[in-house]
2 protein chains.
Amino acid sequence: MLVGADTSDDAAVYQIIPGLALISTVDIISPVCNDPYLFGQIAAVNALSDVYAMGGSPILALNICAFPVSNIDKKDLSKILEGAASKVEEAGAVIGGGHSIKDQELKFGLSVIGTVHPLQFWRNNTPQVKDALILTKPLGTGVAITAYKKEHISEDKFEPILRSMATLNKYAAASLRDFDVHAVTDVTGFGLAGHGLGLAQSSDLALKIRLNLVPTFEVSIDYMNKGLRIGGTLGNEMSTLEKIKGLENIKNHPKDILFDPQTSGGLLVSLPSKQASEAVEALKKAGYAHTSVIGEVIKSKA
Amino acid sequence: MLVGADTSDDAAVYQIIPGLALISTVDIISPVCNDPYLFGQIAAVNALSDVYAMGGSPILALNICAFPVSNIDKKDLSKILEGAASKVEEAGAVIGGGHSIKDQELKFGLSVIGTVHPLQFWRNNTPQVKDALILTKPLGTGVAITAYKKEHISEDKFEPILRSMATLNKYAAASLRDFDVHAVTDVTGFGLAGHGLGLAQSSDLALKIRLNLVPTFEVSIDYMNKGLRIGGTLGNEMSTLEKIKGLENIKNHPKDILFDPQTSGGLLVSLPSKQASEAVEALKKAGYAHTSVIGEVIKSKA
């Protein structure tokens, strides 16, 4: 076992023979939109992301579906599976079956296996001092999904968020192969603060994030400014707050963006600052238009 | 891909390099008993079973936990994980982390990866005519779990069922390596009828089951005779009934036993009838005391 449960990394990495390691991950989510095909796509992209965050290539996926027997259209279920299959195929992997369980509320996800060279995978806890921190997708999916479900924000305002969540991190990971990447994680349920702290956890380093540089969805900021808070944000804040300094200096930005739980978020990358602007350009070219340097890795004063 | 979603087999099998194939499976269940440690064990044994049914060895597992945040004791969660870990260790595999999701009702399971030689794995759909059919664990867990939850059948009557569900199919699979096994499946949610039909599905064969030879839990038969029917049994009956002949000849046995959904059931094995009695002895010796020849493979008249 190269990466296990002890480092809060994105997935398990297990060397199966010399030169070949398996990446194993599983992720299940509740519906994030009304379109079942798109939900299937986003659930798949979200589950596949952990493999990309480790620098690997997905090879095999299994569907995991929990659904209310009495209260779901079988056509919707098929659409979810079709959507997931489309993204698994785009990832270059195959679906090998799946598992269903009865549930009161619909949930869907995938168990994914990927491969990586044991000497070439990316850890989440090996950034180096003076590295630049790059984020490849805007933050704010958590509050936006809730706002969409509760208040029916218009489809056209939600559309960029859906598009971002349905975008594989595959092309970002491929672009990053040209650079001396030190550490990577994907930003998901624990938000930027939680996954950022994961990046710094096993070292004597800290992350200096410039909130005005962090890419965000405009509509998400609007809802945060209106005071909409979701449970996940509160939980993420509670579990990270004591390790964060300087929150009191934040002006003109809702600090909630640090804690907003992301579905199918982008990659948070630590690489030499000299390579940062070239890497950002490469990532933008690869389709991640909002990619930005959001800070740097510094020595911890703790 | 050697075995995919198209044959209703127990898990996906994917050749990763010459001489090495991966088996991938995922299984999640609702609680089957009040003891969280034992529930964790049974959920793990249930999830690991698919790997053994394919003739493989588990190497890596991820926990999947869906639980109500407000309504669960964290100690219970720890116990579930400990129970699962104990069985993953007994299986010779490691746990590489896991995934949690909020849910209204507790559910737990694992995603499991195993390995097998691409030329040596067992399919579920390759029995041969005149094969003997062997079942390694008694049937009746479905109705018993429901009876236990609803009517609180005594712990001592439920104990043999718990013990059976907590027994890995590992030792059965190992014993079977000494015989010319033609096909294997594990009997789980679709019951003996459903998984039996899976065995016969891709051939011109049929299974002749002698119900009086099928091992069953006494307390389960009692509840079936009292008229207790569970949803899973009804569903399994509806989806298999038209492919089953001779049900009208059954006397002195509740036919429900054919359809009862199993949790962590035994292996249903098809092998040359000449080897049957020796195989039964080996399986009994390996700890599966109720192992029995339950029928044979015949030519289909359809």
When both residues are 6+ apart or on different chains and their Cβ atoms are under 7 Å apart, which pairs have a first residue that lies in segment B:150-164 and is closer than 17 Å to B:Ile42 by Cα, and a second that is in a helix (DSSP H, G or I) and small (Gly, Ala, Ser)? B:Phe158/B:Ala144; B:Ile161/B:Ala144
Consider B:Lys87 against the criteria (1) more than 13 Å from every other protein chain (Cβ to nearest Cβ); (2) surrounded by fewer than 22 Cβ atoms within 10 Å (Cβ to Cβ); (3) closer than 30 Å to A:Phe190 by Cα: it satisfies all of them except one. Which criterion is unmet? (2)
Segments classed as helices (runs of 4 or more DSSP H), wholly inside segment A:218-302, with at least 3 members that are open to solvent by less than 20 Å² (accessible area, probe 1.4 Å) and closer than 24 Å to A:Ala206 by Cα: A:231-240, A:276-285
Residues (open to solvent by 20 Å² or more (accessible area, probe 1.4 Å), touching a Pro at 6+ places or on another chain (Cβ under 9 Å) and more than 14 Å from chain A (Cβ to nearest Cβ)) located in segment B:47-80: B:Asp73, B:Lys75, B:Asp76, B:Leu77, B:Lys79
Looking at segment A:1-21, which of its residues are facing chain B (nearest Cβ under 10 Å) and either of a type in the set (Val, Ile, Thr) or assigned to a strand (DSSP E or B) (or both)? A:Val3, A:Thr7, A:Ala12, A:Val13, A:Tyr14, A:Ile16, A:Ile17, A:Leu20
Could you grab me the full set of residues in segment A:90-116 that are more than 23 Å from A:Ala53 (Cα to Cα) and not charged (D, E, K, R)? A:Gly97, A:Gly98, A:His99, A:Ser100, A:Ile101, A:Gln104, A:Leu106
If you go through B:Thr188, B:Thr146, B:Thr126, B:Thr136, the only one that is within 13 Å of chain A (Cβ to nearest Cβ) and in contact (Cβ under 8 Å) with a residue 24 or more places away in the chain is B:Thr188
Top-ranked residue of segment A:22-46 - restricted to ones that are open to solvent by 10 Å² or more (accessible area, probe 1.4 Å) and assigned to a loop (DSSP other than H, G, I, E, B), ranked as nearest to the other protein chains (Cβ to nearest Cβ): A:Ser30
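The values are calculated or read from the model by the stated rules, or taken from the named source; none is laboratory data. Quick caveat: nothing in here was measured; it's all calculated off a predicted structure. Cβ: placed from backbone, ideal geometry, glycine included. Neighbour counts: every protein chain shown. Surface accessibility is based on the protein's heavy atoms, side chains included, excluding ligands, DNA and RNA. Shrake-Rupley method; radii C 1.70, N 1.55, O 1.52, S 1.80 Å.
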